[in-house]
Amino acid sequence: MLQVSDLAFLDWGPLSFSVDAGECLGLSGASGSGKSLLLRAIADIDPHRGRVSLDGVASTDVEGPEWRHRVGMLPAESRWWFDTVRPHFPDKTDRELFAKLGFADAEVLDWPVRRLSVGERQRLALARLLAHSPRALLLDEPTANLDAESVRLAEDLIGDYRTTHLAPVLWVAHDAGQLARVARRRLRMLDKELREAA
């Protein structure tokens, strides 16, 4: 379980909620309402107050890099540090991961990053996140730049990962229809507070 208790950052909060093992919690809200800031605070990237724990272990009890390995965040805009795709992935990455996201074969690993479209970067950023086997997922608009077929593939892959690994998932999206598909419960960020969404 991912447990957020009295979390506060900048002038947001305190915010409290939990995401059960294997559950997807949807989060919506207007642009600039603080959704991404919330994910960054949970991932211990930005300063915050309060407590965040995963399976009873608090973020303050482990080093930052280890926490971010356990609680993997997919930002709205992915970053790439090497010239080609391959060095961004663990050596033993399952090649099926690429096929499940619509890539014809794993030769995508040898592509230069500069040749990737925005949608290809987004799909590969999701693959990169899952290849590191995080125990919880924080997803910031994971399908915003994808066509309908790629959206379906990404939703299916995340759903499979969530159920197979019993991973709690916090999924940020503007698309209410998508959140209705992927999430059992939904929250809305409004006036720097979280409210239950219909």
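The values are calculated or read from the model by the stated rules, or taken from the named source; none is laboratory data. If you're wondering where the values come from, they're calculated on a predicted model, not measured in any experiment. All Cβ positions, even for glycine, are placed from backbone atoms using ideal geometry, and neighbour counts span all protein chains on display. The protein model used for the area step is the full one, side chains on, heavy atoms only, and it has no ligands, DNA or RNA in it. Shrake-Rupley method; radii C 1.70, N 1.55, O 1.52, S 1.80 Å.
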(message) So, for the range 98-168, what is the accessible surface per residue at a probe of 1.4 Å, expressed in square angstrom?
(response) 44 Å²
(request) Determine the percent antiparallel among the DSSP beta bridges restricted to the chain, to the nearest 5. (result) 50 percent
(request) Within the range 72-128, list the chymotrypsin sites (Phe, Trp or Tyr not before Pro) lying in a DSSP loop whose Cβ has at most 13 other Cβ atoms in a 10 Å radius. (result) Trp81, Phe82
(request) Taking just the C-alpha trace of the chain, give me its Rg and Dmax in Å. (result) 16.4, 46
(request) Report the label-to-label distance for Val57 and Ala148 in nanometres (one decimal), using points 7 Å from each Cα along the Cα→Cβ vector. (result) 4.3 nm
(message) Taking 41 Å as R0, compute the FRET efficiency from the Cβ-Cβ separation of His132 and Glu196 and round it to 0.05.
(response) 0.80
(request) Apply 1/(1 + (r/R0)^6) to the Cβ-Cβ distance of Ala21 and Asp175, taking R0 = 22 Å, and write down the FRET efficiency to the nearest 0.05. (result) 0.30
(request) Answer with one residue from Met1, Gly177, Ala76: the one whose Cα lies farthest towards the positive end of the charge dipole of the chain, charges on Cβ with Lys, Arg +1 and Asp, Glu -1. (result) Gly177
(message) Once R0 is set to 45 Å, what does the formula 1/(1 + (r/R0)^6) return for the Cβ-Cβ distance between Met1 and Arg115, expressed as a FRET efficiency to the nearest 0.05?
(response) 0.65
(request) Sum -39500 (n - 2.57) across every DSSP H segment of at least 4 residues in the chain, then divide by the residue count to get the 222 nm mean residue ellipticity, nearest 500. (result) -8500 deg cm²/dmol
(request) Pop a pseudo-label 7 angstrom from the Cα along the beta-carbon direction at both Arg86 and His69 and give the gap in nm to one decimal. (result) 2.4 nm
(message) Just the number: Rg to Rh for the range 20-99, Cα atoms, Kirkwood Rh, two decimals.
(response) 1.00
(request) Heavy atoms only, probe 1.4 Å: what % of the accessible area of the range 130-198 goes to carbon and sulfur, would you let me know? (result) 49 percent
(request) Note down the magnitude of the dipole of the chain about its Cα centre, charges +1 on Lys and Arg C-beta and -1 on Asp and Glu C-beta and zero elsewhere, to the nearest 20 debye. (result) 180 debye
(message) Can you tell me which lysines have their Cα less than 19 Å from the Cα of Lys192? Leave out same-chain residues fewer than eight positions away.
(response) Lys35
(message) Ignoring GluC sites (Glu not before Pro) that are buried or in helix or strand per DSSP, and keeping those with at most 16 other beta carbon atoms within 10 Å, what is the longest stretch of the chain between them?
(response) 78-198
